[in-house]
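The values are calculated or read from the model by the stated rules, or taken from the named source; none is laboratory data. As the structure is a prediction and not an experimental result, all values here were calculated from the model. All Cβ positions, glycine included, derive from the backbone under ideal geometry; neighbour counts span all protein chains shown. Accessible surface is based on the protein model in full, side chains and every heavy atom, while ligands, DNA and RNA are left aside. Shrake-Rupley method; radii C 1.70, N 1.55, O 1.52, S 1.80 Å.
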Amino acid sequence: MFLFWLRTCQLGVKSLLLHPMRSILTMLGIFIGVASVIYLLAFGEGISRKASEQIESLGATNIIVRTIKPAELNLSNNSGGGPSVTPYGITRADFDRLKSTIPTISDAIPVREIRRTFNRGGKRVDGRLVGCTAKYQDINRLKLERGRFIEDFDGKNRLNFCVLADRVAVELFGYEDPIGRTINIQSTSNMPVPYTVVGVMEHKDASAGIGGSFTSQDFTNDVYVPIETFWARFGDEIINFSGGSVEAEKVELSQITLQVSHRDHVMETSELIRMTIDRHHRRMKDYGITVPLELLRQAENTRIMFMVFMGMIAGISLLVGGIGIMNIMLATVTERTREIGIRRALGAKRADIVRQFLVETIVLSVVGGALGIIAGLGCLPITKQVWWLIATYLPEMYAALPDTVRGIEPIIVGWSIPLSFGVSVTIGVVFGLYPAARAAAMDPIEALRHE
């Protein structure tokens with residue numbers, strides 16, 4: 001029996017090799033289909049993983065409350081008159097209230113952010129001044145390159161200490177060691193105030209905007225100071241002069257990151273937070289709440305739908321490849337009508353004819369599928385090579401792409417390999433049945449008459 005099947009396979013391969021170009025073009029459809037399944041699912045997994053990492057970086061047990069400037073609030077007017085300042089956003093009272101009244105909150109980290117210019121000598125850098133506590137580093141997963149981060153002692157004594165993000169350190173100090181040196185930060189009266197550098201952070205990629213209440217954050221131009229020092233030196237009312245106009249705001253806190261004692265309490269705690277803040281912010285909607293755990297669940301559902309969608313697109317490629325196989329095999333049946341008649345006249349049964357043509361279609365599908373898997377496994381190095389070519393020959397296009405897009409790497413989904421290969425073989429059988437059955441149904445006498 002084994003020798004019989006081996007002989008049938010040899011005969012099928014020999015028949016395919018008689019027309020190598022036609023066989024290669026027939027396999028091409030299956031090759032593209034299988035490679036597409038692996039590629040699309042790999043890119044889908046890579047994109048989903050990148051989105052999940054950004055959400056996870058916010059912390060699955062964290063709840064983030066941010067100040068949002070109401071759309072109807074206008075805090076700017078021309079230099080002809082003084083600025084009209086209307087306070088908005090979350091307050092220190094909100095911070096104390098949430099921390100003391102909701103038992104499932106284990107910790108709360110206040111943050112205040114403003115735009116400022118940082119100076120050293122003749123060098124200037126525009127960036128974000130962040131008033132924070134020592135726990136801000138862990139919450140945002142920031143890593144130190146040298147020195148130390150802000151400590152509670154610095155805040156209690158309202159010391160003029162600061163920690164620089166990597167780009168600020170390079171712009172202001174170049175190759176010098178910034179630790180122990182001073183930079184000047186523009187005060188509310190536009191007077192420079194010296195701050196001693198105690199630490200420098202490693203580079204951290206910018207985070208994408210997540211939800212309507214959490215905007216993207218770029219950590220590369222940050223300078224961190226103790227939040228108590230921030231309140232003492234800058235206060236709540238910030239006035240900026242630029243381009244002949246005055247812009248003013250009165251905000252106590254830009255953000256509160258609340259840590260929940262257990263993951264199971266996150267959703268109910270977020271509702272309690274919303275109810276608590278709503279009672280004191282009925283005048284305007286000036287805050288937003290981001291729950292990373294909720295976003296993670298949504299991201300997982302989106303990932304599943306995205307993968308199904310990608311799989312369907314790739315499945316269409318396999319379907320087209322199967323139709324190509326059936327088309328070629330039908331043409332082959334017509335070409336080999338006389339051969340079929342001779343085989344039937346020599347005693348071959350219909351099952352033998354069906355078997356021969358099925359073997360040929362399966363060989364085409366298996367070889368095309370195997371080559372598609374090999375090409376699919378190389379998606380990561382191929383992708384890196386494509387990015388390198390774009391960066392080398394189209395630098396402007398490459399620079400215009402967001403960091404999150406350039407940072408996406410395909411991740412091969414393990415089950416996509418056996419799935420795509422199994423589907424390719426199945427397609428070979430299914431789309432080869434009709435041509436094989438048509439060949440077997442030929443009348444031997446009529447087949448022998450065919451020219």
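At a glance:
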read-out	value
Filter pass, Phe214 being farther than 21 Å from Val125 by Cα, of a type in the set (A, V, I, L, M, F, W, C) and at pLDDT below 95	yes
Residues satisfying the stated conditions in the range 72-99, i.e. of a type in the set (A, V, I, L, M, F, W, C) and either modelled with pLDDT of 90 or more or under 30 Å from Asp205 (Cβ atoms) (or both)	Ile90, Ala93, Phe95, Leu98
Members of the range 114-126 found to be in contact (Cβ under 8 Å) with a residue 40 or more places away in the chain, in contact with an Asp or Glu (Cβ under 9 Å, 6 or more places away or on another chain) and either more than 14 Å from Val197 (Cβ to Cβ) or outside any strand (DSSP E or B) (or both), listed by number	Ile114, Arg115, Arg116, Thr117
The range 256-294, residues that are open to solvent by 30 Å² or more (accessible area, probe 1.4 Å) and within 23 Å of the chain's Cα centre (by Cα)	Glu294
Criterion (open to solvent by less than 40 Å² (accessible area, probe 1.4 Å), touching a residue at least 12 places away in the same chain (Cβ under 8 Å) and within 24 Å of the chain's Cα centre (by Cα)) met by exactly one of Ala436, Ala440, Ala375	Ala375
Number of positions in the range 117-142 that are of a type in the set (D, E, K, R), more than 21 Å from Ile64 (Cα to Cα) and surrounded by fewer than 19 Cβ atoms within 10 Å (Cβ to Cβ)	3
Residue satisfying all of: in the range 403-416; open to solvent by 40 Å² or more (accessible area, probe 1.4 Å) and in contact (Cβ under 8 Å) with a residue 24 or more places away in the chain; farthest from the chain's Cα centre (by Cα) among these	Ile412
Residue within the range 341-354 that is more than 19 Å from Gly432 (Cα to Cα), open to solvent by less than 50 Å² (accessible area, probe 1.4 Å) and assigned to a helix (DSSP H, G or I) present	yes
